[in-house]
Protein chains: 2
Amino acid sequence: MSIGIVSPQVMHFAEPLPLQGGAALADYSLTYETYGTLNADKSNAVLVCHALNASHHVAGVYADEPDNVGWWDNMVGPGKSLDTDKFFVIGVNNLGSCFGSTGPMHANPATGKPYGADFPVVTVEDWVNAQARLADRLGIAQFAAVMGGSLGGMQALAWSIMYPERLRHCLVIASTPKLSAQNIAFNDVARQAILTDPQYHGGDFYAHGVVPKNGLRVARMVGHITYLSDDDMAEKFGRDLRSGDYQFGYGIDFEIESYLRYQGDKFSTYFDANTYLLITKALDYFDPAREFGGDLVKALACTRAKFLLVSFTTDWRFSPERSREMVQALVANKRRVSYAEIDAPHGHDAFLLDDERYMKVVREYYASIWTELAQEGRA
Amino acid sequence: MSIGIVSPQVMHFAEPLPLQGGAALADYSLTYETYGTLNADKSNAVLVCHALNASHHVAGVYADEPDNVGWWDNMVGPGKSLDTDKFFVIGVNNLGSCFGSTGPMHANPATGKPYGADFPVVTVEDWVNAQARLADRLGIAQFAAVMGGSLGGMQALAWSIMYPERLRHCLVIASTPKLSAQNIAFNDVARQAILTDPQYHGGDFYAHGVVPKNGLRVARMVGHITYLSDDDMAEKFGRDLRSGDYQFGYGIDFEIESYLRYQGDKFSTYFDANTYLLITKALDYFDPAREFGGDLVKALACTRAKFLLVSFTTDWRFSPERSREMVQALVANKRRVSYAEIDAPHGHDAFLLDDERYMKVVREYYASIWTELAQEGRA
């Protein structure tokens, strides 16, 4: 059952937010949604962190947009794996995004004009700090869990390092403790496509009334390839031709071309180019082991949460090996860790899709969190 | 020992070349190089077919360009695996390329202006037909071997199907009988980057005195990622930073960014955008099993050559699985096939690099060809 109609809310923060890169955001707003009911002692809250192109709209629909279903609606709702009959779930749009929270398209208080490319490059840790301030305002001292997939999983992991006492459980799905050279390379292709699009205008395209659509389109196409598995693409599209025969031109021959171009076109109509740039940078920069000479065991020594990690066998963007690296570092720190490696054909995107085993793993994990809270008389 | 100084030659063909796409090239020239000496009965000729961004310049250097070393100079030369003391080796630039043979930058006889995007989309089979005419002119009725890597391997395979009696041996290296959906997807990202670059001018950029450099640059960057293995990239670049620390901007942070952008920049100064488009189409279209309902065994039934196939374990562009598919189809046809799967870390690019085992496999295969010719008194 879906959570039904939901409404986003906005919280304004007047106090400046110091950023990892040295700059600070003078003031900012966070757009968020909540589902379920916060219990009396505020112990049943779960923070869901979003990935590259998602938002605070995790579950449900809007009254005026009945088709705009939250990106993890299959996971979050009454009776679902993350059961909103039991838990109070928060989805928050990250700073720099283009879905409501303060971002590059908003006015820079210093100039009165849109930030554009001057919007500071924010990091996963900056997002977590901003999310912690939202938790403060909502009176949530400790989350029952912080959870995310992909880039969202990085935020969950960062929470466990930066605010070890503020989460009981940490769910890191289809994620990695750092990007590989190949991951960074694909991100840089996407960035270069945007930065060199003449319509980008050095990030100031808002003033020109244009959008670097071609750059965004190519960025999305290359990104999309990395979200799907080779096998899944072969299964879904193979070498199927759009018109039954080769066209001997540069239009559409193969269904896979049609699909990717459609995805790229659609993306370029709604996503902000500056947001794409800064979010890929946040991905590239995430590397909690960096300040420990690359030692992930040391980086995770301060954690106190219990963990669930999930990976998917055909995910070649953030392969199971990367999850196992985190599992091993947590085990080395004697943390309690559950780990599921799901044999699913859908590549990185699997973390967003229905898979009975995956949903069951998460469901049972949340059931155990609930039991734990109940045993403490806090459920 | 290198072959030393070499010179390209040009052969003009006045008779029209009918193309698979239905069009015809009214007349055309092929640029080629030869190394070694054709023996009296013209039985020691080896045709080397090039891949995407290479050319007829297989080995040696030019008198006026001593640093311009042929792309397979480590493979072809006196005493090398393909020994020019024994064999007469021909490298030929393919139609539509930008290194000498008739291509999109040359005048269309119908208009007197550069073909541009009107240059017909040529196929691997069209190239082979053009190469066969060059062989006719050179009086070579049968090659001792036709050989190529990647797209060059497709040409070798096509030779074995289209002109079964005209080659004794067929060497197909790091290749595939057809592109996967993922391969096509990456090619289409590259094409879209070029086609949507405003400097492309619908293919007519020659008239505007510009080059779609940004598109070519992105195309090369994404292509280059697929030529390297994830492990090799991790080994060579990892997360190494250019300046020791994060820059919090959109310049260069990581060494891998610097490397890829440099490769993209370099490529965009010398490669023709229309050529890039048509060569990726030739790759996408190659699928000899297509007219046999996808049955590669049937497609290879007409072959008469003996085969050597080589693949590389970390090649994720054209993985060993693809080579094994060809081996199995040839074995099913009772062809004589040798197959080597080289455990090399360098991804698809391995076919261009020195690897003792790889070079030895090819060396011994050519030695056996030489023995075969000698036994027939034709060496």
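Of all aspartates and glutamates in the structure, those lying under 20 Å Cα to Cα from A:Lys113, and not within fewer than 8 positions of it along the same chain, are A:Asp27, A:Asp204, A:Asp272.
Using the Stokes-Einstein relation with a Kirkwood hydrodynamic radius computed over Cα pairs, the translational diffusion coefficient of the protein assembly as shown at 4 °C and a viscosity of 1.567 mPa s comes to 46 µm²/s.
Where in the stretch A:332-377 are there trypsin sites (Lys or Arg not before Pro) that are in a DSSP coil and have at most 16 other Cβ atoms within 10 angstrom of their Cβ?
Numbers: sites: A:Lys334, A:Arg335, A:Arg336, A:Arg357, A:Lys360, A:Arg363; in loops: A:Lys334, A:Arg335, A:Arg336.
Those that pass, being in a loop and sparsely packed, are A:Lys334, A:Arg336.
Between copies, the label points at B:Asn108 (set 7 angstrom from Cα along Cα-to-Cβ) are spaced 4.7 nm, reported in nanometres from shortest to longest.
Whole-percent P(r), the stretch A:19-98, all Cα pairs, 5 Å bins from 0: 3, 14, 21, 22, 18, 10, 8, 4, 1. By the helix-only formula, in which each DSSP H run with n ≥ 4 contributes -39500 (n - 2.57) and the sum is divided by residues, chain A has a 222 nm mean residue ellipticity of -11000 deg cm²/dmol. With label points defined 7 Å past Cα in the direction of Cβ, position B:Gly377 shows copy-to-copy spacings of 10.7 nm, given to one decimal and shortest first.
Across the identical copies, the label point of A:Asp41 (7 Å from Cα in the Cβ direction) is separated from its matches by 9.6 nm, in order from shortest. Packing-based ranking of A:95-103, A:324-332, B:262-270, B:217-225 yields B:217-225, A:95-103, A:324-332, B:262-270, ordered from highest to lowest mean Cβ neighbour count within 10 Å. For A:Lys236, a cut-off of 23 angstrom between C-alpha atoms picks up these lysines, skipping any fewer than 8 places away in its own chain: A:Lys266, B:Lys178, B:Lys281. Hey, if you drop one equal point scatterer on each alpha-carbon of chain A and run the Debye formula without solvent, what base-10 log of I(q)/I(0) do you get at q = 0.11 Å⁻¹? Treating every Cα as an identical point scatterer, log10 I(q)/I(0) equals -0.78. A simple rule links phi to the HN-Hα coupling: the Karplus curve 6.51 cos²θ - 1.76 cosθ + 1.60 with θ = phi - 60°, which for the stretch B:153-159 gives x, 5, 5, 4, 4, 4, 4 Hz, with x for Gly and Pro. For a modelled paramagnetic label at B:Ala207, 7 Å from Cα along Cα-to-Cβ, the residues of the stretch B:114-155 in reach, with backbone nitrogen under 14 Å, are B:114-119.
Here's how it looks for B:Leu167: its modeled amide H is under 5 Å from those of B:Phe143, which are all 5 or more places away or on a different chain.
Look at where the Cα atoms of the stretch B:334-362 and of the stretch A:292-354 average out, and the two centres are 35 Å apart. Each of A:Ile5, A:Ile342 has some number of other Cβ atoms within 10 Å of its Cβ, and from fewest to most they run A:Ile5, A:Ile342.
Work through the residues other than B:Phe271 whose Cβ is under 11 Å from its Cβ and net out their charges, Lys, Arg +1 and Asp, Glu -1.
Details: positive: B:Lys213, B:Arg217, B:Arg220, B:Lys266; negative: B:Asp272.
Around B:Phe271, the surrounding residues sum to +3.
Note on A:Lys360: lysines with a C-alpha under 19 Å away, same-chain residues under 8 apart excluded, are A:Lys80, A:Lys86, A:Lys306. Averaging the Cα positions of each part gives two centres, and for the stretch A:1-48 and the stretch B:195-269 these lie 38 Å apart. The A:Ala14 and B:Asp265 beta-carbon pair, evaluated with R₀ = 51 Å, returns a calculated FRET efficiency of approximately 0.65.
Where a number appears in this text, it was derived from the coordinates with a stated rule and is not lab data. Predicted, not measured: the structure shown is a model, and the values here were computed from it. Heads up, the Cβs are rebuilt from the backbone with ideal geometry, glycines too, and the neighbour counts pull from every protein chain shown.
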